[in-house]
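> Could you have a look at this structure, given as structure tokens, before my questions?
The values are calculated or read from the model by the stated rules, or taken from the named source; none is laboratory data. For clarity, every value in this text was computed on a predicted model and none was experimentally measured. Cβ placement follows ideal geometry from the backbone for every residue including glycine, while neighbour counts extend to all protein chains displayed. Surface areas here come from the heavy atoms of the whole protein model, side chains and all, with no ligands, DNA or RNA. Shrake-Rupley method; radii C 1.70, N 1.55, O 1.52, S 1.80 Å.
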Amino acid sequence: MSNVFFQCDGKSMQAPANTTVVEALKLNGEIVPTLCWSPGIEPCLGTCRVCTIKINGKEAAACTQTISENMIIESATDEIRDLQKAIVELLFVEGNHYCASCEKSGDCELQGLAYQMGMTHSRFPYQFTPYELDYTGVHLLLERNRCIHCKRCTDLFVDDKQRKVFSFEGKGSDTLVQMNHKYESELSDHKRKEVVDLCPVGAIIFKGKGFDRPIGTRKFDHWGDKIDV
Ligand code: FES
């Protein structure tokens, strides 16, 4: 596949045609933060907007765009980094993320990004909207207070019979993730683990189980390490 040539933050770069902007930048050593997307999570959902950069002067999600000849990209500027951080802060205030008591702490991609970006607080007011837990599942607990509506579980996860187990109900800020209880009760061990791992936060967790991995062995225990996409 032939390469296309583009510019990022004033530097000339090249990458194979048909790669996403986020991957094209990575091939050139530029890491764009991502949340709903990561390698192996396909197709790209484009829901979180954490990967927002500027392409030819306009804001766009880097994971949803394909690199093209002569693209002018702004990625690691102060303005873009602050915008990406603001998006992460908004995700925190729209939910109720009490990291210290969350079973996913240390393995949470949202928490990991916040540490990576040096977020200590949000510049936006916390909304503290209470969301109802669904603890009626047989194997899984749905903690909607932590859901960031990334759509990984609703769009990318199916059970062994190819059935969708999760869905969204409602609109806008009233959107709530729902679980089909019959299908959830029939989930195999490996499918349960798959969806718990797929959830980037602690919204889908194992029922009756938590904190089973000691500090130091979890994905984002080494705060400040660069999260490599
Ligand atoms: Fe690109 Fe979520 S990572 S929109």
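> With only Lys, Arg, Asp and Glu charged, each at its Cβ (+1 for the first two, -1 for the last two), find how big the charge dipole of the stretch 16-80 is about the Cα centre; round to the nearest 20 debye. Mind dumping the intermediate values first?
Details: 4 positive and 8 negative charges, 27 e Å.
That gives the stretch 16-80 a dipole magnitude of about 120 debye.
> Still on this model: Against the globular-protein guess of 2.2 N^0.38 Å, express the Cα radius of gyration of the stretch 69-166 as a ratio, rounded to two decimals. Could the numbers behind the result be given before it?
Details: Rg = 16.7 Å, N = 98, 2.2 N^0.38 = 12.6 Å.
In units of the 2.2 N^0.38 Å rule of thumb, it is 1.33.
> While we're here: Per the Cauchy relation, a quarter of the hull surface: what is the mean projected area of the convex hull of the alpha carbons in the stretch 118-189, in nm²? Walk me through the intermediate numbers first.
Working: hull surface 26.3 nm².
Over every viewing direction, the Cα hull of the stretch 118-189 projects on average to 6.6 nm².
> Among residues other than Arg144 whose Cβ falls under 10 Å from its Cβ, what is the net charge (Lys/Arg +1, Asp/Glu -1)?
Working: positive: Arg146; negative: Glu132, Asp134, Glu143.
Within the 10 Å Cβ shell, the charges total -2.
> Here is a follow-up. Would you mind telling me which residue in Leu140, Leu27, Leu35 has the biggest mean-square fluctuation in a Gaussian network model of the chain, where springs connect alpha carbons within a distance under 10 angstrom?
Result: Leu27 has the largest fluctuation of those listed.
> Taking N as the number of residues in the stretch 43-117, what value does Rg over Cα atoms divided by 2.2 N^0.38 Å take? Display every interim value, and only then the final one.
On the way: Rg = 14.3 Å, N = 75, 2.2 N^0.38 = 11.3 Å.
Taking N as the residue count of the stretch 43-117, the ratio is 1.26.
> Take the Cα atoms of the chain, build their convex hull, and give its volume per residue in Å³.
On the way: hull volume 31.5 nm³, N = 229.
Hull volume over Cα atoms, normalised by residue count, gives 138 Å³.
> Between beta-carbons, use under 15 Å as the cut-off and find the net charge around Pro16, counting Lys and Arg +1, Asp and Glu -1. Could the numbers behind the result be given before it?
Details: positive: Lys26; negative: Glu23, Glu69.
So the environment of Pro16 carries a net charge of -1.
> Right, here's the next one. Under unit Cβ charges (Lys, Arg +1; Asp, Glu -1), what dipole magnitude, rounded to 20 debye, does the chain have relative to its Cα centre?
Details: 27 positive and 32 negative charges, 51 e Å.
The calculation lands at about 240 debye.
> Hey, another quick one. Using a Gaussian network model of the chain whose springs link C-alpha atoms within less than 10 Å, name the residue from Ser173, Ser75, Ser12 with the highest mean-square fluctuation.
Looking only at Ser173, Ser75, Ser12, the biggest GNM fluctuation is shown by Ser173.
> Looking at the stretch 99-218 from every direction and averaging, what is the projected area of its Cα convex hull in nm²?
Details: hull surface 33.1 nm².
So the Cα hull casts an average projection of 8.3 nm².
> A follow-up question, please. Looking at this model, which pairs from Lys182/Lys209; Lys58/Lys219; Lys85/Lys171; Lys164/Lys219; Lys54/Lys164 are more than 29 angstrom apart at the alpha-carbon?
On the way: Lys182/Lys209 21 Å; Lys58/Lys219 34 Å; Lys85/Lys171 25 Å; Lys164/Lys219 27 Å; Lys54/Lys164 35 Å.
Among Lys182/Lys209; Lys58/Lys219; Lys85/Lys171; Lys164/Lys219; Lys54/Lys164, the Cα-Cα distance tops 29 Å for Lys58/Lys219; Lys54/Lys164.
> Now, a different point. Less than 14 Å Cβ to Cβ from Ser167, Lys/Arg counted +1 and Asp/Glu -1: what total charge do the surrounding residues give? Before the final figure, lay out the partial values.
Numbers: positive: Arg144, Lys151, Arg152, Arg163, Lys164, Lys171, Lys182; negative: Asp134, Asp155, Asp159, Glu169, Glu184.
That works out to +2.
> In nm, what is the difference between 0.36 nm times the number of residues separating His181 and Lys207 and their Cα-Cα distance?
Numbers: separation 26, 0.36 × 26 = 9.36 nm, distance 1.36 nm.
Full-extension gain reported as 8.0 nm.
> Which residue fluctuates most in the GNM of the chain (Cα springs below 10 Å): Lys191, Lys58, Lys164?
Of Lys191, Lys58, Lys164, the Gaussian network model singles out Lys58 as fluctuating most.
> What is the Å³ per residue value for the convex hull set by the Cα atoms of the stretch 168-220?
Details: hull volume 6.2 nm³, N = 53.
Each residue corresponds to 117 Å³ of Cα convex hull volume.
> Next question, about the same structure. Taking Cα pairs under 8 Å and at least six residues apart, what relative contact order does the stretch 102-151 come out at, in percent?
19 percent
> Would you list Asp78, Asp134, Asp155 from the most to the least accessible area, probe 1.4 Å?
From most accessible down to least: Asp78, Asp155, Asp134.
> Leaving out ligands and nucleic acids, and using a 1.4 Å probe, what accessible area per residue does the stretch 107-229 come to in Å²?
Normalised by residue count, the accessible surface of the stretch 107-229 is 57 Å².
> Ok, one more. Given contacts defined as C-alpha pairs under 8 Å and at least six residues apart, what's the relative contact order of the chain, whole-number percent?
Numbers: 395 pairs, mean separation 45.8, N = 229.
Relative contact order, the chain: 20 percent.
> Something else about it: Which translational diffusion coefficient, to the nearest whole µm²/s, is obtained for the stretch 7-133 from the Stokes-Einstein equation, given a Kirkwood hydrodynamic radius over C-alpha pairs, 25 °C and 0.890 mPa s?
Values: Rh = 15.7 Å.
The calculation lands on 157 µm²/s.
> Going by accessible area, probe 1.4 Å, with all protein chains left in place, what is the ranking of Asp82, Asp189, Asp159, largest first?
On the way: Asp82 70, Asp189 110, Asp159 5 Å².
Greatest to least solvent exposure: Asp189, Asp82, Asp159.
> Using heavy-atom solvent-accessible surface (probe 1.4 Å) with all chains present, what is the largest-first order of Thr154, Thr120?
On the way: Thr154 10, Thr120 125 Å².
Greatest to least solvent exposure: Thr120, Thr154.
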